[in-house]
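Presented below is the structure to which this report refers.
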Amino acid sequence: MPVGSVEFVRECFSIMDIESPGWSSYPDELEEFLHRKLKVRSAPYIRIMYTSQAIETPVFIKPAYQVKLFNGFVFYPTKKREDYDEHDQEQWDIVMSADNKTLLCISDVVDFHSEWRYYIDDNKIIGSARYDDGPDSALAPEIDVVNQMIEAMPINHPYTLDVGRLSTGGTALVEINDAWAIGLYGKALTPRVYLDFLGKRWKSIVEKHLTSNQN
């Protein structure tokens, strides 16, 4: 079982001739938990926003389906490349050079006071950890809302929910992640449980691949 970054595991998929699982960070089933407007547009949409500067409102953008093509960042239509920090300049370059088929999720910018990762297996939370660097006094997400998200998701393999507490007090989805290349935050899981978590997802991917080849 490969264990590492998205880029590393994706290369392993390629070597093994296994198709990377499709994924959406914002599934339709969790739309009510976003607490922000979201639309999917092709990369040229952002480039037009930048060149025309007809819109001044910043938006958060990230890949719609290409996992970790870039991390996601707040895009300011009137802001020049050199005005971003080094990290966001790299994100900016990827977006501006993306082909016309690259789809992006574009959403309103919201203020998360805390962000947590919940590790989900068999429709249950098996571990959680906070991963933002905000104040210790920030409230955690409402666990009842997190459980509602889990109940809404038709997924029977391990995955994670990134959930935050908004400055307005509500609990909102940050994003959902597949478990084939997922990081371990803090002490959310013991090393043994973490490896079992990854292993269960890897087994489901391989079994699907083998079944597909038999057919």
How much of the pair distance distribution for the stretch 44-97 lies past 17 Å, counting alpha-carbon pairs only, in percent? 29 percent
Which of the three applies to the stretch 20-123, rounded, prolate or oblate, going by the alpha-carbon gyration tensor with a ≥ b ≥ c and a/c under 1.5 meaning rounded? prolate
Once you have all Cα-Cα distances for the chain, histogram them in 5 Å bins from zero and send the whole-percent values. 1, 6, 13, 16, 18, 17, 14, 8, 4, 1, 0
Work through the residues other than Lys203 whose Cβ is under 13 Å from its Cβ and net out their charges, Lys, Arg +1 and Asp, Glu -1. 0
Which values of log₁₀ I(q)/I(0), to two decimal places, follow from the Debye formula for the stretch 110-208 at q = 0.16, 0.19 Å⁻¹ with a uniform point scatterer at every Cα? -0.66, -0.89
Taking the Cα centre of the chain as the origin and placing charges on Cβ (Lys, Arg +1; Asp, Glu -1), which of Val6, Leu210, Pro77 is farthest toward the positive end of the dipole? Leu210
Alpha carbon centroid spacing (whole Å) that separates the stretch 20-54 from the stretch 115-133: 24 Å
What longest region of the chain stays clear of trypsin sites (Lys or Arg not before Pro) that DSSP places outside H, G, I, E and B and that have at most 10 other Cβ atoms within 10 Å? 102-186
Would you mind getting me the FRET efficiency between Glu32 and Gln66? Use the beta-carbon distance for r and R0 = 25 Å, nearest 0.05. 0.50
Links that overshoot a 29 Å alpha carbon limit, given the list Lys37/Lys200; Lys39/Lys203; Lys101/Lys203; Lys37/Lys101; Lys124/Lys187: Lys37/Lys200; Lys39/Lys203; Lys101/Lys203
Given charges at beta-carbon only (K, R positive; D, E negative), |dipole| of the chain in Debye: 320 debye
Theoretical gain in end-to-end length, Asp122 to Lys208 [0.36 nm per residue, Cα-Cα removed]: 29.2 nm
Taking only DSSP H segments of four or more residues, each worth -39500 (n - 2.57), what value at 222 nm results for the chain once the sum is divided by all its residues, to the nearest 500 deg cm²/dmol? -10000 deg cm²/dmol
What full-extension length gain, to one decimal in nm, is calculated for Asp144 and Ser24 as 0.36 nm per residue of separation minus the Cα-Cα distance? 40.9 nm
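Every number in this text was worked out from the coordinates using simple rules, so none of it is lab data. Since the structure is predicted, the reported quantities are computational estimates derived from the model, not experimental observations. So basically every Cβ, Gly included, is an ideal-geometry build from the backbone, and we count neighbours across all protein chains shown.
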